[in-house]
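**Student:** The structure follows.
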2 protein chains.
Amino acid sequence: MRAEQTSPSLVNEPPYFNSFSSPNRLLMGAGPSQVHPDVLKVMSNITIGHLDPAMLVMMDELKDMLRYIFQTNNSMTFPVSGPGSLGMEACVNNMVEPGDKVLICINGVFGGRMAEVTRRAGAEVVTTEDDWGKPVDPDKVRKAFSEHPDIKHMGFVHAETSTGVLSDAANLCQIAKENKAFIIMDTVTSLAGVPVQVDVWGADAVYSGSQKCLSCPPGLSPVTFSDAAVKHVENRKQPVQSWLLDLSLVSAYWNSDGARTYHHTAPVNSLMGLHEALRRIVEEGLETVWARHRDCQQRMVAGLLELGFEMLVDEEFRLPELLTVFLPPDIEDAPSRTLLLEDHGIEISAGLGQFAGKLWRIGMMGEAAQLENVDKLIGALKTISR
Amino acid sequence: MRAEQTSPSLVNEPPYFNSFSSPNRLLMGAGPSQVHPDVLKVMSNITIGHLDPAMLVMMDELKDMLRYIFQTNNSMTFPVSGPGSLGMEACVNNMVEPGDKVLICINGVFGGRMAEVTRRAGAEVVTTEDDWGKPVDPDKVRKAFSEHPDIKHMGFVHAETSTGVLSDAANLCQIAKENKAFIIMDTVTSLAGVPVQVDVWGADAVYSGSQKCLSCPPGLSPVTFSDAAVKHVENRKQPVQSWLLDLSLVSAYWNSDGARTYHHTAPVNSLMGLHEALRRIVEEGLETVWARHRDCQQRMVAGLLELGFEMLVDEEFRLPELLTVFLPPDIEDAPSRTLLLEDHGIEISAGLGQFAGKLWRIGMMGEAAQLENVDKLIGALKTISR
């Protein structure tokens with residue numbers, strides 16, 4: 001008898017735990033954001049096969065809704081089966097070949113991460129650096145292109161989650177196009193919070209995350225690739241270093257003209273949840289969603305200034321969906337965040353990178369962007385600062 | 001005023017769709033498998049932050065339960081934030097450096113995929129090849145090691161999802177250890193269906209998937225790395241090509257002795273679901289779970305043989321949780337699978353790779369492994385073959 005057919009003695013004692021139950025939370029940090037109960041309900045539909053006819057219809061609808069939200073007609077538009085950082089790798093690793101010169105614009109943690117991912121793709125990385133809290137400086141980008149006429153790709157973060165800064169994507173894309181570079185754009189925190197206009201700007205490889213203004217649980221990364229980008233990937237000299245992320249393979253499942261075929265087993269239930277989250281945005285309408293974020297920002301800024309908080313970011317570049325604020329002297333960082341979480345059930349985020357321990361990140365993303373939530377947080381902060 | 005602050009005219013009409021609702025399905029294919037309602041219910045708990053204190057407790061419990069199910073004491077045991085193929089990349093890309101010679105044993109689609117992933121990691125890949133439907137031949141593995149004494153890693157698939165074959169993991173691991181090679185093992189379809197004994201066998205980098213015998217929705221890939229593997233990764237000359245998968249970085253979130261810190265935003269709700277799915281296995285007990293799979297296999301094989309199906313795999317190497325069967329002359333492949341799905345709500349899987357259109361894959365994985373489900377499928381097949 002073979003070893004596997006007997007029951008071997010077990011190495012470990014079985015560890016018994018209770019079922020998990022979430023504490024009640026209002027998510028007003030840098031993500032994940034609040035998820036609507038309908039999204040959670042649809043996500044918990046019974047699991048079906050990744051090639052079920054009902055699934056294939058749902059996938060087509062998902063793609064249509066993503067195109068609307070990305071403001072693109074790109075055929076190659078789908079959610080990568082992993083978090084935003086995997087979407088970043090999907091964009092970088094498909095577009096960039098070893099030895100390519102790539103310009104990455106850094107003004108926070110996520111620009112830095114993109115540079116690191118790009119280096120790991122074997123590229124020669126050139127960077128522009130801007131102070132954290134400032135947008136990417138178009139003049140530095142122009143200068144980088146004139147100093148390095150062989151730059152093949154430019155990557156930048158539209159909305160820096162570490163600083164709450166919005167960069168001028170239209171302008172940056174224009175500069176890249178004048179220099180015939182492909183554009184890789186991070187819209188993790190911008191998508192559905194502020195206008196993202198993939199086609200108007202001409203961005204080539206764009207990724208986002210499910211857990212910010214799309215208000216879906218974390219774990220999926222919507223991406224969109226221009227036709228030129230898809231052609232570029234098809235003509236690569238070397239295969240994409242990730243098999244899972246290789247556009248030319250994953251398209252058999254997500255973007256086939258004929259029968260869809262198996263590539264990997266897609267995260268069926270997570271996709272159901274994303275379908276419902278996108279559906280809610282489409283129903284509300286993008287312009288209304290953007291306005292809702294702006295209204296919340298206005299009320300939140302007024303309340304925070306009154307309590308003695310100071311804004312890191314100038315009004316002109318300040319994200320509606322994510323504020324970065326220095327604390328007044330009567331509020332301590334970690335103990336106050338704990339109080340907010342434990343006594344008020346409200347999560348906000350600490351500073352990241354060079355801002356760790358120095359500021360707070362307060363999000364009003366997606367479903368969390370409601371005036372009543374702003375009032376709740378301001379009210380809770382008042383009890384703490386007293 | 002900046003362009004982003006105005007509401008630009010929209011490129012696309014909003015596409016309106018209804019909320020998604022799953023058709024009723026019994027999943028008896030090659031995965032995803034049936035998910036228990038409790039798992040779906042826990043998965044739809046409200047979303048909380050990836051660094052919420054409640055989340056950190058849940059993550060520790062998850063790791064403990066994974067250690068029991070993997071039969072290991074490995075500290076570095078956690079679910080990768082993506083599907084099984086990403087788990088495969090996590091194991092290969094962390095262990096293998098460009099230029100390493102790696103032996104991959106191929107006896108089906110997934111061994112072939114592992115070879116491709118390993119090539120893309122820059123390795124020199126040596127393979128053994130066995131007929132599809134046969135296990136990996138230990139003699140060929142011994143021969144490969146003697147012909148290539150510089151092999152640094154050996155990779156193989158414990159249970160081939162494309163053929164329903166179980167290979168002798170204990171023996172293969174023994175050969176690799178005698179040749180001082182690291183062992184990369186695919187347990188996507190074996191884990192919790194048949195004994196997987198990571199520590200007893202001495203496997204170094206092992207991955208699985210949430211959607212087979214763990215009976216969880218697809219989208220997570222549990223992995224475990226031996227201490228020697230972790231040390232090996234720490235001493236790499238070149239960084240891991242994927243930032244997301246780099247063990248030395250992701251461990252700050254999943255395996256820190258001190259405060260857990262942000263690496264990427266983990267798929268919070270999917271992890272809640274996995275927690276419940278693992279909890280159910282722990283409560284039932286591994287040995288009982290294995291026996292349940294064996295009992296179902298016995299009944300299913302008897303029923304299928306009676307209907308004129310023929311088994312691809314000899315009994316000795318036949319997976320309890322996944323049968324590969326050639327069709328009797330009175331049953332057509334695609335139309336019959338459609339009938340099963342549409343009239344009976346039962347999903348089974350088509351052949352994969354060289355078996356496409358030639359056989360069926362019938363799964364009794366995890367929650368689906370119930371005698372009543374076996375009877376349901378056999379009953380449905382009787383109406384079709386009549």
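Since every read-out is calculated from the coordinates, none of them should be taken as a lab result. These figures come from a predicted structure and were not determined experimentally. Every residue, glycine as well, gets a Cβ built from its backbone with ideal geometry; the counts of neighbours run over all protein chains shown.
**Student:** Take peptide B:216-222, look around each residue's Cβ out to 10 angstrom, count Cβ atoms belonging to other protein chains, and average those counts.
**Tutor:** Details: counts 2, 13, 12, 11, 3, 1, 0.
The per-residue average across the peptide is 6.
**Student:** Here is a follow-up. What size of dipole, in debye to the nearest 20, comes out for region A:37-282 about its Cα centre when the only charges are +1 on Lys and Arg C-beta atoms and -1 on Asp and Glu C-beta atoms?
**Tutor:** Values: 21 positive and 28 negative charges, 35 e Å.
My answer is approximately 160 debye.
**Student:** Average projected area of the Cα convex hull of region B:330-386, in nm²? Could you put the intermediate results ahead of the total?
**Tutor:** Details: hull surface 16.2 nm².
Projected over every direction and averaged, the Cα hull of region B:330-386 covers 4.1 nm².
**Student:** Quick check for you: which residues of region B:261-290 have the amide N under 11 Å from the point 7 Å beyond the Cα of B:Leu56 toward its beta carbon?
**Tutor:** Counting backbone N atoms under 11 Å from the label point, the list is B:261-262.
**Student:** Can you list the copy-to-copy distances for B:Asp257, using a point 7 angstrom from Cα toward Cβ, in nanometres, shortest first?
**Tutor:** Ordered by distance, the counterparts are at 5.9 nm.
**Student:** Principal axis lengths of region B:234-386 from Cα atoms, whole Å, largest first?
**Tutor:** Rounded to whole Å, the extents work out to 63, 36, 34 Å.
**Student:** Another question, if that's okay. Nearest 5 percent is fine: what portion of the DSSP beta bridges confined to region B:37-282 is antiparallel? Don't skip to the end; give the middle numbers.
**Tutor:** Values: 10 of 29 bridges.
Within region B:37-282, antiparallel bridges account for around 35 percent of the total.
**Student:** Starting from the alpha-carbon convex hull of region A:69-120, give the projected area averaged over all orientations, in nm².
**Tutor:** On the way: hull surface 18.6 nm².
In nm², the orientation-averaged hull projection of region A:69-120 is 4.6.
**Student:** Then there's this: Along the charge dipole of region A:37-282, which of A:Thr72, A:Ser221, A:Thr127 sits closest to the positive end, that is, farthest toward it, with unit charges on the beta carbon of Lys, Arg, Asp and Glu (+1, +1, -1, -1)?
**Tutor:** A:Ser221
**Student:** Still on this model: Per-residue HN-Hα couplings for region B:292-305, Karplus 6.51 cos²θ - 1.76 cosθ + 1.60 at θ = phi - 60°, whole Hz, x for Gly and Pro?
**Tutor:** Per-residue couplings from phi come out as 4, 5, 5, 4, 5, 4, 4, 5, 5, 4, 4, x, 5, 4 Hz.
**Student:** Can I ask one more? Divide by every residue of the protein assembly as shown the summed helix terms, -39500 (n - 2.57) for each DSSP H run of at least 4, and state the resulting mean residue ellipticity at 222 nm, rounded to the nearest 500 deg cm²/dmol. Walk me through the numbers before you get to the answer.
**Tutor:** Working: 26 runs with 308 residues, N = 772.
Dividing the helical sum by the residues of the protein assembly as shown leaves -12500 deg cm²/dmol.
**Student:** Enter the mean number of other protein chain beta carbons within 10 Å of the beta carbon of each residue in B:241-253, as an integer. Before the final figure, lay out the partial values.
**Tutor:** On the way: counts 8, 11, 13, 11, 5, 2, 0, 0, 1, 0, 0, 0, 0.
Per residue, the number of nearby Cβ atoms from other chains is 4 on average.
**Student:** Sorting A:Phe17, B:Phe110, B:Phe20 on the 10 Å Cβ count, fewest up front, what's the list?
**Tutor:** Values: A:Phe17 18, B:Phe110 25, B:Phe20 22.
With the sparsest Cβ surroundings first, the list reads A:Phe17, B:Phe20, B:Phe110.
**Student:** Still on this structure, I have one more. What does the convex hull of the Cα atoms come to per residue for region A:3-83, in Å³? Could you put the intermediate results ahead of the total?
**Tutor:** Details: hull volume 19.8 nm³, N = 81.
Convex hull volume per residue, Cα atoms: 245 Å³.
**Student:** Could I ask something else about it? Hey, in the GNM for chain B with a 10 angstrom Cα cutoff, which one of B:Ser44, B:Ser81, B:Ser19 fluctuates hardest?
**Tutor:** Fluctuation is largest for B:Ser19.
**Student:** Could you run the Debye sum over the Cα atoms of the protein assembly as shown, one equal point scatterer each and no solvent, and tell me log10 of I(q)/I(0) at q = 0.05, 0.07, 0.09, 0.10 Å⁻¹, two decimals?
**Tutor:** Results for the protein assembly as shown at q = 0.05, 0.07, 0.09, 0.10 Å⁻¹ read -0.24, -0.48, -0.80, -0.99.
**Student:** Same structure, new question: Express in whole angstrom the spacing between the alpha-carbon centres of region B:309-386 and region A:281-315.
**Tutor:** Using only Cα atoms to place each centre, the spacing works out to 55 Å.
**Student:** Could you work out, residue by residue across B:269-278, how many beta carbons of other chains sit within 10 Å of that residue's beta carbon, and then give the average as an integer? Write down the numbers at each step before the final one.
**Tutor:** Numbers: counts 15, 9, 4, 5, 6, 1, 4, 3, 0, 2.
For this peptide, the per-residue mean of nearby foreign Cβ atoms is 5.
**Student:** Using only the alpha carbons, work out the radius of gyration and Dmax of region A:37-282 in angstrom.
**Tutor:** Spelled out, the Cα radius of gyration and Dmax of region A:37-282 are 17.4, 56 Å.
**Student:** Would you kindly calculate the mean projected area, averaged across all directions, of the convex hull enclosing the Cα atoms of region A:122-172, in square nanometres? Walk me through the numbers before you get to the answer.
**Tutor:** Working: hull surface 15.7 nm².
The number I arrive at for region A:122-172 is 3.9 nm².
**Student:** Using θ = phi - 60° and the Karplus curve 6.51 cos²θ - 1.76 cosθ + 1.60, what whole-Hz ³J(HN,Hα) does each residue of region A:171-183 get, with Gly and Pro shown as x?
**Tutor:** 3J(HN,Hα) across region A:171-183, in whole Hz: 5, 4, 5, 4, 4, 4, 5, 4, 9, 6, 9, 5, 10.
**Student:** Consider all pairwise Cα distances in region A:277-325 and report the whole-number % of them above 12 Å. Could the numbers behind the result be given before it?
**Tutor:** Working: 770 of 1176 pairs.
That tail contains 65 percent of the Cα-Cα pairs.
**Student:** Can you give the local net charge around A:Thr224? Use residues other than it whose beta-carbon is closer than 13 angstrom to its beta-carbon, Lys and Arg +1, Asp and Glu -1.
**Tutor:** Values: positive: A:Lys63, A:Arg67; negative: A:Asp64, A:Asp186, A:Asp199, A:Asp204, A:Asp227.
Charge balance in the 13 Å sphere: -3.
**Student:** Want the number for B:Glu178 to B:Asn73: 0.36 nm per residue separation, take away the alpha-carbon distance, what's left?
**Tutor:** Numbers: separation 105, 0.36 × 105 = 37.80 nm, distance 2.21 nm.
Going from the current span to full extension adds 35.6 nm.
**Student:** What's the ranking of A:275-287, A:358-370 by average number of surrounding C-beta atoms within 10 Å, highest first? Write down the numbers at each step before the final one.
**Tutor:** Details: A:275-287: 19.7, A:358-370: 25.1.
By packing density, highest mean first, the sequence is A:358-370, A:275-287.
**Student:** If you don't mind, another one. With r defined as the distance between the Cβ atoms of B:Glu129 and A:Asn18 and R0 fixed at 56 Å, what FRET efficiency is calculated, to the nearest 0.05? Mind dumping the intermediate values first?
**Tutor:** Working: r = 48 Å, r/R0 = 0.85.
E between B:Glu129 and A:Asn18, to the nearest 0.05, is 0.70.
**Student:** If you put a point 7 Å past Cα along the Cβ direction, how far is that point for A:Thr338 from the same point in each other copy, in nm, smallest first?
**Tutor:** 6.3
**Student:** Radius of gyration and Dmax for region B:48-176's Cα atoms, expressed in Å?
**Tutor:** In Å, with Rg to one decimal and Dmax whole: 16.8, 53.
**Student:** Grab the other residues whose beta carbon is less than 13 angstrom from that of B:Asn74, score K and R as +1, D and E as -1, and report the net. Don't skip to the answer; put the middle values down first.
**Tutor:** Values: positive: B:Lys63, B:Arg67, B:Lys231; negative: B:Asp64, B:Asp199, B:Asp204, B:Asp227.
Result for the local shell: -1.
**Student:** Can you list the copy-to-copy distances for B:Asn12, using a point 7 angstrom from Cα toward Cβ, in nanometres, shortest first?
**Tutor:** Listed shortest first, these distances are 4.4 nm.
**Student:** Ok, one more. Describe numerically, in nm with one decimal, the distance between label points set 7 Å from Cα along Cα→Cβ at A:Thr261 and at A:Arg299.
**Tutor:** 5.3
**Student:** Moving to a separate point now. Give me the net charge of A:Gly363's neighbourhood, meaning all other residues with Cβ under 12 Å from the Cβ of A:Gly363; Lys, Arg count +1, Asp, Glu -1.
**Tutor:** Numbers: positive: A:Lys212, A:Arg361; negative: A:Glu321, A:Glu347, A:Glu367.
Local charge sum for A:Gly363: -1.
**Student:** Let me ask something additional. List, largest first, the extents of the alpha carbons of region A:210-275 along their principal axes, each in whole Å.
**Tutor:** So the extents along the principal axes, rounded to whole Å, are 38, 26, 22.
**Student:** Please report A:Leu56, B:Leu166, B:Leu172 as a ranked list, fewest other C-beta atoms within 10 angstrom at the top and most at the bottom. Display every interim value, and only then the final one.
**Tutor:** Values: A:Leu56 15, B:Leu166 27, B:Leu172 24.
The most exposed by this proxy come first: A:Leu56, B:Leu172, B:Leu166.
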